[in-house]
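Q: Below is a structure I'd like to ask you about.
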């Protein structure tokens, strides 16, 4: 089982609709969860961070975390063609101050917004 | 402006040659990372460093080497032992604890 799993897509969503991206993780001690957007040929950019159960909203983006189900999702409301990109889910575990800290990335979901 | 600077943007390697990719950050971040991304693929961790003068191998360290002599700098050398180096290389940094990583703009390495 992969540590972080995402559906690779492609996921096609009509312009103006809600895009829903999902991510599951295997390690229950995971504490920090991030969503990155990566346009083709560019580097990933952070769009959302979430640390506790529930919803976190930022503009058109909402991140949802359910630690009991080991599930994190990203909703994009009023989808725009500029939202077409690959979305990467990343998870980290924080241990001791000099512990083995690194983000584990999923392979990403390719999202296409259809005008 | 605070950020992560990778150079060069494009790099070509001849057979048997070592090349070094530069990564500099002025964010005062403790940890720095190198990833490789192949077309249509996810990120694969090459090396990472959490403090100066210390670094750990990631998932695909063979054929690569790094150094961390200064907090701001984490150069990656792609050695001639790396037989398939053509990829997009990404450097990232983060503060310790529950903080996200931030990425540089990347370096594209190709074989001549």
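Q: Over chain A, with a Gaussian network built from C-alpha contacts below 10 Å, which listed residue (A:40, A:79, A:49) shows the highest mean-square fluctuation?
A: Of A:40, A:79, A:49, the Gaussian network model singles out A:40 as fluctuating most.
Q: Determine the shape class of chain B: with a ≥ b ≥ c the square roots of the Cα gyration tensor eigenvalues, call it rounded for a/c under 1.5, and otherwise prolate if a/b is greater than b/c, oblate otherwise.
A: Values: a/c = 1.70, a/b = 1.60, b/c = 1.06.
The shape class here is prolate.
Q: Which of rounded, prolate or oblate describes chain A when judged by the alpha-carbon gyration tensor and an a/c cut-off of 1.5?
A: prolate
Q: Here is a further query. So for the pair residue A:56, residue B:52, with labels modelled 7 Å out along Cα→Cβ, what separation do we get in nm?
A: Result: 3.1 nm between the two label points.
Q: Work out how much length residue B:12 to residue B:28 would gain on full extension: take 0.36 nm times their residue separation and subtract the Cα-Cα distance, in nm to one decimal.
A: 2.7 nm
Q: On a C-alpha basis, how far is the centre of the range B:1-55 from the centre of the range B:70-102 in Å? Whole number, if you could?
A: 3
Q: Determine the relative contact order of chain A: mean sequence separation of Cα pairs under 8 Å and six or more apart, normalised by residue count, in whole percent.
A: Relative CO of chain A lands at 37 percent.
Q: Sorted by average packing, counted as other Cβ atoms within 10 angstrom per residue and highest first, what order do B:69-76, B:40-47 take?
A: In decreasing order of mean packing, B:69-76, B:40-47 become B:40-47, B:69-76.
Q: With viscosity set to 0.890 mPa s and temperature to 25 °C, compute the Stokes-Einstein D of the range B:28-87, Rh being the Kirkwood radius across alpha carbon pairs; µm²/s, no decimals.
A: Roughly 204 µm²/s, to the nearest whole number.
Q: When only C-alpha pairs under 8 Å and at least 6 residues apart count, what is the relative contact order of chain B, in percent?
A: With pairs under 8 Å counted, the relative contact order is 35 percent.
Q: Shielding of B:98-106 by partners, i.e. mean partner chain Cβ atoms within 10 Å per residue? Working shown, then result.
A: Working: counts 10, 7, 12, 9, 5, 7, 1, 2, 4.
Whole-number average of other-chain Cβ neighbours for B:98-106 is 6.
Q: In addition: Take every Cα pair under 8 Å in the range B:6-58 that's 6+ residues apart, average their separations, divide by the length, and report that relative contact order as a whole percent.
A: 24
Q: Under the definition of partner shielding as Cβ atoms of other protein chains within 10 Å of a residue Cβ, what is the mean value for peptide A:32-39?
A: On the way: counts 4, 2, 4, 1, 5, 0, 5, 0.
Per residue, the number of nearby Cβ atoms from other chains is 3 on average.
Q: Sticking with the crude label model, points 7 Å out along Cα→Cβ, report the distance from residue A:3 to residue A:45 in nm, one decimal please.
A: Rounded to a tenth, the inter-label distance reads 2.7 nm.
Q: Take residue B:98 and residue B:20, extend 7 Å from each Cα along the Cα→Cβ direction, and tell me the distance between the two endpoints in nm.
A: It is 3.9 nm.
Taken together, the values in this text are just the output of simple stated rules run on the coordinates, not laboratory data. The shown structure was predicted, so the numbers you read here are calculated from the model rather than taken from an experiment. Glycine also receives a Cβ, built like all others from the backbone with ideal geometry; neighbour counts cover every protein chain displayed.
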